[in-house]
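The values are calculated or read from the model by the stated rules, or taken from the named source; none is laboratory data. This is a predicted model, so every value here is computed, not measured. Cβ coordinates were reconstructed from backbone atoms using ideal geometry, including for glycine residues, and neighbour counts include every protein chain displayed.
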Amino acid sequence: DGGITQSPKYLFRKEGQNVTLSCEQNLNHDAMYWYRQDPGQGLRLIYYSQIVNDFQKGDIAEGYSVSREKKESFPLTVTSAQKNPTAFYLCASREGGRNTGELFFGEGSRLTVL
Amino acid sequence: KQEVTQIPAALSVPEGENLVLNCSFTDSAIYNLQWFRQDPGKGLTSLLLIQSSQREQTSGRLNASLDKSSGRSTLYIAASQPGDSATYLCAVKTQGAQKLVFGQGTRLTINP
């Protein structure tokens, strides 16, 4: 089955630690996205990548980093510089080169800072 | 700057009713509009994608319409069931923009 796999589903972090969230897709999509979802704030874009080895900051990139070394993988690192990292993180992908493409999401990763 | 609004924030209806969810956007120069469903603690599931050249799309009991000139889309759910209970979000892809803009969602509860 084609889809987007996010791991881990739940993650706990102590303050001052970096953590990396995994996102893998086998849809052969060029574009991949990371969103953050907080109660009452909707979805906010963290980073996106339109093609391998290239990525751009979204609306709330501070305290986060990404890489796109392979087409199918787009990991997100939440660094210690992120002041309020507790949130639900969603990865998405879309066919590249087509602005009209449908967006698909993974099941999400919930990060809690202790 | 594109803004997307979904009103009401929450809606509760008895099972079997037909219902309409609303999505409004401020910039009519869009590529497409997409409707999603989100269950608690889960990711978003794509329901329908309407391209800017289309007026409506249908999938089973769902029908989404698009009126660019008025900046509105509606999601019609026929013969609602308890399993339809979820949060429904719309998202707009604006021409010249790289990213989708999401509404805050409507939390729908279908009462048996």
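Among the residues of the stretch A:1-50, count how many are among the aliphatic types (A, V, I, L, M) and touching a Cys at 6+ places or on another chain (Cβ under 9 Å). Reasoning before the result, please.
To start, the set of residues in the stretch A:1-50 that are among the aliphatic types (A, V, I, L, M) comprises A:4, A:11, A:19, A:21, A:27, A:31-32, A:43, A:45-46.
Now narrow it down to the ones that are touching a Cys at 6+ places or on another chain (Cβ under 9 Å): A:4, A:21, A:32.
So the count comes out to 3.
Starting from the stretch A:35-53, keep only residues that are within 9 Å of another protein chain (Cβ to nearest Cβ) and farther than 12 Å from A:Tyr89 by Cα, then list their pairs with residues that are among the hydroxyl-bearing types (Ser, Thr, Tyr) and not in a strand (DSSP E or B) whose Cβ atoms are within a distance under 7 Å, requiring at least 6 positions of separation or different chains.
none
Can you find a residue that is in contact with a Lys or Arg (Cβ under 6 Å, 6 or more places away or on another chain) and more than 11 Å from chain A (Cβ to nearest Cβ) anywhere in the stretch B:27-36?
Yes, the stretch B:27-36 contains at least one residue that is in contact with a Lys or Arg (Cβ under 6 Å, 6 or more places away or on another chain) and more than 11 Å from chain A (Cβ to nearest Cβ).
So A:Gly101 ticks every box in (1) assigned to a loop (DSSP other than H, G, I, E, B); (2) within 15 Å of A:Arg36 (Cα to Cα); (3) in contact (Cβ under 8 Å) with a residue 40 or more places away in the chain but one. Which box is left unticked?
(2)
Among the residues in the stretch B:82-92, are any under 23 Å from A:Gly3 (Cα atoms) and at the interface with chain A (Cβ under 9 Å from one of its Cβ atoms)?
Yes, there is a match, as at least one residue in the stretch B:82-92 is under 23 Å from A:Gly3 (Cα atoms) and at the interface with chain A (Cβ under 9 Å from one of its Cβ atoms).
Could we say that B:Lys99 is within 17 Å of B:Gln6 (Cα to Cα) and over 12 Å from the mean Cα position of the chain (by Cα) here?
no
Which fully enclosed strands (runs of 3 or more DSSP E) of the stretch B:10-112 have 2 or more residues being within 27 Å of A:Ser49 (Cβ to Cβ) and not hydrophobic (A, V, I, L, M, F, W, C)?
Because the criterion is at least 2 residues that are within 27 Å of A:Ser49 (Cβ to Cβ) and not hydrophobic (A, V, I, L, M, F, W, C), the strands (runs of 3 or more DSSP E) in the stretch B:10-112 that meet it are B:30-38, B:44-51, B:86-94.
Got a sec? Which of A:Ala92, A:Ala87, A:Ala81 is in contact with a strand residue (DSSP E or B) (Cβ under 9 Å, 6 or more places away or on another chain), more than 9 Å from chain B (Cβ to nearest Cβ) and modelled with pLDDT of 95 or more?
On inspection, the qualifying residue turns out to be A:Ala87.
Under 9 Å by Cβ, and 6 or more places apart or on different chains, what pairs join a residue from the stretch B:1-30 that is without any contact (Cβ under 8 Å) to a residue 60 or more places away in the chain with one that is of a type in the set (Phe, Trp, Tyr) and assigned to a strand (DSSP E or B)?
Short answer, once both residue conditions are applied: B:Val20/B:Tyr76.
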